[in-house]
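Engineer: To start, I am sharing the structure in question, which I have written as structure tokens.
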Amino acid sequence: AFPPNHQGYHDFAEVTSELRRTVSEHPDIARMSSIGASHEGRDLWLLSIGTPGPDVPEVLFTCSQHAREHLTTEMCLRIVERFTDGYGTDPDITRVVDGRVIHVVPVVNPDGKEYDIATGQFRSWRKNRQGQGTDLNRNWGHQWGCCGGSSGSPGSSTYRGAAAFSAPETARVRDFVASRVVGGEQRITAHIDWHTYSELVLWPYGYTYAETGPGLTARDARVFATLGRQLAATNGYTPMQASGLYITDGSIDDWMWAAHGIWSYTFEMYPRGAGGGGFYPPDSVIERETARNDEAVDLLLSYADCVPRVIGETC
Ligand code: 0X9
Ligand code: ZN
């Protein structure tokens, strides 16, 4: 259970019932499915909004790869709530849902999330619960373990796992993303992976300081940076290439881009610094700090038909 002043956060059971309620109230536009199970057997829930089709761009939001970053689960729940409750009444929301498919995985790491709160006191847990724990955001398969941006020691907080996708949680998200390749084309065009904290908008690659790399041209870098800065202008976060923070290898955004050409961003949410509660701000900030990203979410969705439009290209 969440400690006092954090009761407004959703634990895994509450996330599950919230998603069930959403699909029961909006069966016309929302579907709930499990993309597989975590190491301890919890369902990895996927909530999809909108009707797929050959000309319907899809956008993916993933939350809570890191156990203690509970505010991100709330961010994903807000996205689910906003694009379902607003449908048919809010014309902007209705237009978005009629023209996009929105996929949300609110809890990529349910075992870690539950472990973090199991005693009623936060444990500052980050990883999944396989062995001593794998850092899921070091377990993805592009340049896995290449560059000093992760650890090979099982006890480390950035342990990359025994192999790329050794964690069932990353493997199942990988499989889901692969399943959106329809007729040889990846329908997911854009993605945000939500984290806390530092108030940053980050883009690939994380494994190298170079702005370009295999599969990421100077033009791609310009698209990433241009949209990244526009996203950051909506919420006051600081935009930069991910490696500008520090080098990471095996992170989700590098894989989304390199393996599928998905315009993938990592958002580090509130707070900006260790004041403000670090990983554990009180529930009183949830509304403000998730609403703060509504405009960024809407902007990403608006470009999803042709992200390079942000630099004046046509698709
Ligand atoms: O280290 C991480 O995985 C992220 N920071 S956190 O405090 N949430 O753990 C930052 C990842 C930045 N690098 C990439 N996104 N590639
Ligand atoms: Zn994180």
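Throughout, read-outs are computed from the coordinates displayed, never taken from laboratory work. All values derive from a computational prediction rather than experimental measurement. Methodologically, a virtual Cβ is constructed for each residue, glycine included, from the backbone with ideal geometry; neighbour enumeration extends over all protein chains shown.
Engineer: Which condition breaks for GLN132 when tested against (1) of a type outside the set (A, V, I, L, M, F, W, C); (2) surrounded by fewer than 19 Cβ atoms within 10 Å (Cβ to Cβ); (3) within 16 Å of ligand 1 (Cβ to nearest atom)?
Structural biologist: In the conditions (1) of a type outside the set (A, V, I, L, M, F, W, C); (2) surrounded by fewer than 19 Cβ atoms within 10 Å (Cβ to Cβ); (3) within 16 Å of ligand 1 (Cβ to nearest atom), GLN132 misses (3) alone.
Engineer: Among the strands (runs of 3 or more DSSP E) contained in segment 184-256, which hold 2 or more residues that are in contact with a His (Cβ under 8 Å, 6 or more places away or on another chain)?
Structural biologist: So the answer is 188-196.
Engineer: Given the structure, is TRP144 closer than 25 Å to HIS39 by Cβ, touching a residue at least 40 places away in the same chain (Cβ under 8 Å), of a type in the set (Phe, Trp, Tyr) and within 16 Å of ligand 2 (Cβ to nearest atom)? Reasoning before the result, please.
Structural biologist: Working: closer than 25 Å to HIS39 by Cβ: yes; touching a residue at least 40 places away in the same chain (Cβ under 8 Å): yes; of a type in the set (Phe, Trp, Tyr): yes; within 16 Å of ligand 2 (Cβ to nearest atom): no.
The answer is no for TRP144.
Engineer: Just need a number here: residues in segment 35-52 that are assigned to a loop (DSSP other than H, G, I, E, B) and either on the phi < 0 side of the Ramachandran plot or touching a residue at least 24 places away in the same chain (Cβ under 8 Å) (or both).
Structural biologist: 7
Engineer: Between a residue in segment 122-133 that is touching a residue at least 60 places away in the same chain (Cβ under 8 Å) and closer than 21 Å to ASP43 by Cβ and any residue that is in a loop (DSSP other than H, G, I, E, B) and within 13 Å of ligand 2 (Cβ to nearest atom), which pairs come within a Cβ distance under 6 Å, given they are 6 or more apart or on different chains?
Structural biologist: That search, which allows pairs on different chains as well, returns LYS127/ASP135; ASN128/ASN109.
Engineer: Residue under question is TYR246, and the condition is that it be in contact with a helix residue (DSSP H, G or I) (Cβ under 9 Å, 6 or more places away or on another chain) and aromatic (Phe, Trp, Tyr); does it hold? Reasoning before the result, please.
Structural biologist: On the way: in contact with a helix residue (DSSP H, G or I) (Cβ under 9 Å, 6 or more places away or on another chain): no; aromatic (Phe, Trp, Tyr): yes.
For TYR246, the condition - in contact with a helix residue (DSSP H, G or I) (Cβ under 9 Å, 6 or more places away or on another chain) and aromatic (Phe, Trp, Tyr) - is not met.
Engineer: Going through GLU268, GLU295 one at a time, which residue ends up being within 15 Å of ligand 2 (Cβ to nearest atom), surrounded by fewer than 24 Cβ atoms within 10 Å (Cβ to Cβ) and of a type in the set (D, E, K, R)?
Structural biologist: GLU268
Engineer: Do we find that GLY273 is free of Cβ contacts under 8 Å to residues at least 60 places away in the same chain, out of contact with any His (no Cβ under 8 Å at 6 or more places or on another chain) and either of a type in the set (Val, Ile, Thr) or more than 27 Å from GLU169 (Cα to Cα) (or both) in this structure?
Structural biologist: On the way: free of Cβ contacts under 8 Å to residues at least 60 places away in the same chain: no; out of contact with any His (no Cβ under 8 Å at 6 or more places or on another chain): yes; either of a type in the set (Val, Ile, Thr) or more than 27 Å from GLU169 (Cα to Cα) (or both): yes.
Here the answer is no, as GLY273 does not meet what is asked.
Engineer: Before we move on, is THR62 in contact with a helix residue (DSSP H, G or I) (Cβ under 7 Å, 6 or more places away or on another chain), in a strand (DSSP E or B) and within 16 Å of ligand 2 (Cβ to nearest atom)?
Structural biologist: In short, yes.
Engineer: Now a separate question. With the condition kept exactly as written, say whether any residue in segment 191-201 is hydroxyl-bearing (Ser, Thr, Tyr), more than 24 Å from HIS103 (Cα to Cα) and out of contact with any Asp or Glu (no Cβ under 7 Å at 6 or more places or on another chain).
Structural biologist: Among the residues of segment 191-201, not one is hydroxyl-bearing (Ser, Thr, Tyr), more than 24 Å from HIS103 (Cα to Cα) and out of contact with any Asp or Glu (no Cβ under 7 Å at 6 or more places or on another chain), which makes the answer no.
Engineer: Quick check on segment 155-162. Is at least one of its residues part of a loop (DSSP other than H, G, I, E, B), free of Cβ contacts under 8 Å to residues at least 60 places away in the same chain and more than 25 Å from TYR246 (Cβ to Cβ)?
Structural biologist: No, the conditions are met nowhere in segment 155-162.
Engineer: Can you tell me which of (1) of a type outside the set (A, V, I, L, M, F, W, C); (2) under 16 Å from the mean Cα position of the chain (by Cα); (3) more than 9 Å from ligand 1 (Cβ to nearest atom) is the one GLY273 doesn't meet?
Structural biologist: Answer for GLY273: the failing condition is (2).
Engineer: Another question, if that's okay. How many residues are more than 27 Å from ASN137 (Cβ to Cβ) and crowded, with 16+ Cβ neighbours inside 10 Å when one looks only at segment 83-123?
Structural biologist: Residues in segment 83-123 being more than 27 Å from ASN137 (Cβ to Cβ) and crowded, with 16+ Cβ neighbours inside 10 Å: 6 in total.
Engineer: Taking the condition crowded, with 19+ Cβ neighbours inside 10 Å, in a helix (DSSP H, G or I) and away from ligand 2 (no atom under 16 Å from the Cβ), does VAL80 pass?
Structural biologist: Yes: the conditions hold for VAL80.
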